[in-house]
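**Q** Take this structure, written in structure tokens, and hold onto it; I'll ask about it next.
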Amino acid sequence: MRAWLRSTAGGLPSTYWYLWSGMLINRVGAFAMLIMSVYLTDERGASVSLAGLVVGGYGIGGVAGTLLGGVLADHWGRRATLFWAHAVAAALMAALAFTTHVGVIAVLTVLLGIVHSMPMPAFVAAIVDVVPAEGRSRAFNLQFWSFNLGMAAAGLVAGVLAQVSYLVLFLADAGATAITAIVIAWKVPETFRRRSDARTNGGLLTALTDRTYLVFVGLTFLLAALSTQTSTIMPLAMRADGLSPAAYGTVVAISAALIVVGQLFVPPLIDGRRKHTVLAAALLLIGVGFGALAFADRMAIYLLAAVVWTIGSMLAAPPNAEVNAELAPEELRGRYQAVFALTFPAAAFLTPALGGLSLERLGSWHWIVAGSLGLAAAAGHLLTGPSRDREAARRATGARELERVAG
């Protein structure tokens, strides 16, 4: 057991663990937005369409906040970005607790979308700053695990507190966010080392014109588009098969439990293997899992398919984050993280729109198309991975040379 703990979590710097703790508290405490639509309809008398519009504003704010957080992480610093994003988010959530006007709630929701999304590029950039390259796979594996653990806990907390009081719900969310800000201010130093010779010209444009990086981001978008099927299109397919919402909840719960229990055992499986081959294998599993839904007509098949694609997602998380870190120049690390992070809200926007149309027109063949996307992404990693590895090695060599000259 000690050997397994050392191989899974040993040797990581203390700053990483404070960042990890901050992320976990942040995720566990991010429960108010999970039931915002219910709050608006039940407590504020909003229509379903208006509630959807208000919650959609949170997503739009999230896109802006992701980009802003990446820019500030490189310009202002990781620590300052993390602290002020959480401090402002706590204040906005507390204001939301005492706000009754739907228009004001809508404005606060957009602002919360911005500040809630700002920390992620800074969190990941700070992890890359403090964790040596050889430890990043384990660090990102633990980050993915804590994110899913926190989200699972947030869902449970939201349900319990909503039964008590929405005021208590919002204030508890604000309190958890404030605790994260305190942890950052108390224990997390500034991790960004500015070099006098660093080239920051171009800013976001540099990331948006980096062909090697954009190919990788495109493959990650396919991964994100497949992953969001579980919360957008799969419930519709299960309903069409005559399965209840409880059945859908069971599939999601099994998938989440598998990640919480199994993610810590992933590092020994992938250590020493080339990242693009791991990613290809992961996307193959994800594609097969979703493709199998074309033949799903009962609960057992949905559960089996969920196990297959969840294992693929678990394998993909560490190398995906590692490659993203390797391709990002140190002085633009926050901006690169922001562009990478945008794949997920983009997928969350496009998947319901296109996936619903596809399911309506194609029926079960929709899942064959989804599975084919997974296979295409796997092939893409196999084809582009070797050249991407060479480019990452070249950039790492150039960065070391600059450090040597500057030193």
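**Q** Would you mind calculating the gained length between L204 and R361 on full extension (0.36 nm times residue separation, minus the Cα-Cα distance), in nm to one decimal?
**A** Between L204 and R361, full extension yields 52.7 nm more.
**Q** Percentage of Cα-Cα pair distances in the stretch 298-393 greater than 20 Å, rounded to whole percent? Show your work: numbers first, answer last.
**A** Numbers: 2488 of 4560 pairs.
Roughly 55 percent, once rounded to a whole number.
**Q** Using modelled amide H (1.01 Å from N, peptide plane; none on Pro or chain starts), what sits under 5 Å from the amide H of A46, excluding residues fewer than 5 places away?
**A** For A46, the qualifying residues are T41.
**Q** Still on this structure, I have one more. Counting only C-alpha contacts under 8 Å and six or more residues apart, can you give the relative contact order of the chain as a whole percent? It would help to have the intermediate numbers written out before the result.
**A** On the way: 569 pairs, mean separation 96.7, N = 407.
In percent, rounded to a whole number, it is 24.
**Q** Enumerate the calculated ³J(HN,Hα) couplings along the stretch 53-69 in order (Karplus 6.51 cos²θ - 1.76 cosθ + 1.60, θ = phi - 60°), each rounded to whole Hz, writing x wherever the residue is Gly or Pro.
**A** 5, 5, 5, x, x, 4, x, 5, x, x, 4, 5, x, 4, 5, 4, x
**Q** Another question, then. Can you put E360, E43, E391 in order of accessible area, largest first, using a 1.4 Å probe?
**A** E360, E43, E391
**Q** Within a Cβ distance under 15 Å of S387, other residues only, what is the Lys/Arg minus Asp/Glu net charge? Intermediate values should be presented prior to the final figure.
**A** Numbers: positive: R211, R274, K275, R388, R390, R394, R395; negative: D210, E326, D389, E391.
Local charge sum for S387: +3.
**Q** Further question on the same structure: Who wins for biggest fluctuation among G371, G356, G291 in a Gaussian network model of the chain, springs between alpha carbons below 10 Å?
**A** Per the Cα network of the chain with a 10 Å cutoff, G356 tops the list.
**Q** In a shell of Cβ-Cβ distance under 14 Å around A282, excluding A282 itself, what net charge do Lys and Arg (+1) and Asp and Glu (-1) give?
**A** Details: positive: R273, R274, K275; negative: E322.
Once all neighbours under 14 Å are counted, the net charge is +2.
**Q** Okay, moving on. Under a GNM of the chain (C-alpha, springs under 10 Å), which listed residue has the highest mean-square fluctuation: A181, A256, A300?
**A** With Cα springs under 10 Å in the chain, the top fluctuation among A181, A256, A300 is at A300.
**Q** How far, in nm, would the chain grow between D241 and A3 when pulled straight, counting 0.36 nm per residue and subtracting the alpha carbon separation? Walk me through the numbers on the way to the answer.
**A** Values: separation 238, 0.36 × 238 = 85.68 nm, distance 4.64 nm.
So the extension gain works out to 81.0 nm.
**Q** Output ³J(HN,Hα) for the stretch 86-97: one whole-Hz value per residue in order, computed from phi by the Karplus curve 6.51 cos²θ - 1.76 cosθ + 1.60 with θ = phi - 60°, and x for Gly and Pro.
**A** 6, 5, 5, 4, 4, 5, 5, 5, 5, 5, 5, 4
**Q** Between L350 and V160, what is the spin-label point distance in nm, taking each point 7 Å from the Cα along the Cα→C-beta axis?
**A** Computed distance between label sites L350 and V160 equals 4.0 nm.
**Q** Right, here's the next one. Contact order normalised by length for the stretch 34-160, with contacts defined as Cα pairs under 8 Å and 6 or more residues apart; what percent is it?
**A** Values: 118 pairs, mean separation 41.5, N = 127.
Contact order relative to length: 33 percent.
**Q** Just one of (1) 35; (2) 24; (3) 11 is percent of Cα pairs over 42 Å apart as worked out from the coordinates here. Which one is it?
**A** It is the value labelled (3).
**Q** For the stretch 251-391, what is the accessible area per residue in Å² when the probe is 1.4 Å?
**A** Working: 5840 Å² over 141 residues.
The answer is 41 Å² per residue.
**Q** Gaussian network model of the chain, Cα springs within a sub-10 Å range: biggest mean-square fluctuation belongs to which of D74, D42, D173?
**A** D42
**Q** Can you tell me which of 115-121, 301-307, 217-223 comes out highest on packing, and rank the rest after it, using the mean Cβ neighbours within 10 Å?
**A** Values: 115-121: 27.3, 301-307: 18.4, 217-223: 21.1.
With the highest mean Cβ count within 10 Å placed first, the list reads 115-121, 217-223, 301-307.
**Q** Further, regarding this structure: May I ask you to order 124-133, 100-109 by the average number of other C-beta atoms within 10 Å around their residues, highest value first?
**A** On the way: 124-133: 22.3, 100-109: 14.9.
Ranked from most to least packed, the peptides come out as 124-133, 100-109.
**Q** Ok, one more. Quick one: if you stick a label point 7 Å off each Cα along the C-beta vector at F265 and H101, how many nm between them?
**A** Modelled inter-label distance: 5.6 nm.
**Q** Rank by packing, highest mean first: peptides 62-73, 274-285, with packing defined as the count of other Cβ atoms within 10 Å averaged across residues. Kindly include the intermediate steps, with their values, before the conclusion.
**A** Details: 62-73: 23.8, 274-285: 22.2.
Put in order of decreasing packing, that is 62-73, 274-285.
**Q** May I pose another question? For the chain, what does the helix formula give at 222 nm: sum of -39500 (n - 2.57) over DSSP H segments with n ≥ 4, over the residue count, nearest 500 deg cm²/dmol? Mind dumping the intermediate values first?
**A** Values: 20 runs with 331 residues, N = 407.
My calculation for the chain gives -27000 deg cm²/dmol from helical runs alone.
**Q** Related question: Starting at the first residue of the stretch 355-367, write each ³J(HN,Hα) from the Karplus equation 6.51 cos²θ - 1.76 cosθ + 1.60 with θ = phi - 60°, in whole Hz, x for Gly and Pro.
**A** My calculation for the stretch 355-367 gives x, x, 5, 5, 5, 5, 7, 9, x, 5, 5, 4, 6 Hz in order.
**Q** Can you tell me the relative contact order of the stretch 274-407? Whole percent, Cα pairs under 8 Å, sequence separation 6 or more. Don't skip to the end; give the middle numbers.
**A** Working: 129 pairs, mean separation 55.4, N = 134.
The value is 41 percent.
**Q** Could you tell me what percent of the accessible area of the stretch 1-158 is made up of carbon and sulfur, with a 1.4 Å probe and every protein chain present?
**A** On the way: 4530 of 6410 Å².
The C+S portion of the solvent-accessible surface of the stretch 1-158 is 71 percent.
The values are calculated or read from the model by the stated rules, or taken from the named source; none is laboratory data. Computed from a prediction, not measured in an experiment: that's the story for all the values here. Using ideal geometry, Cβ is built from the backbone for each residue, glycine included, and neighbour counts are taken over all protein chains shown. Surface accessibility is based on the protein's heavy atoms, side chains included, excluding ligands, DNA and RNA. Shrake-Rupley method; radii C 1.70, N 1.55, O 1.52, S 1.80 Å.
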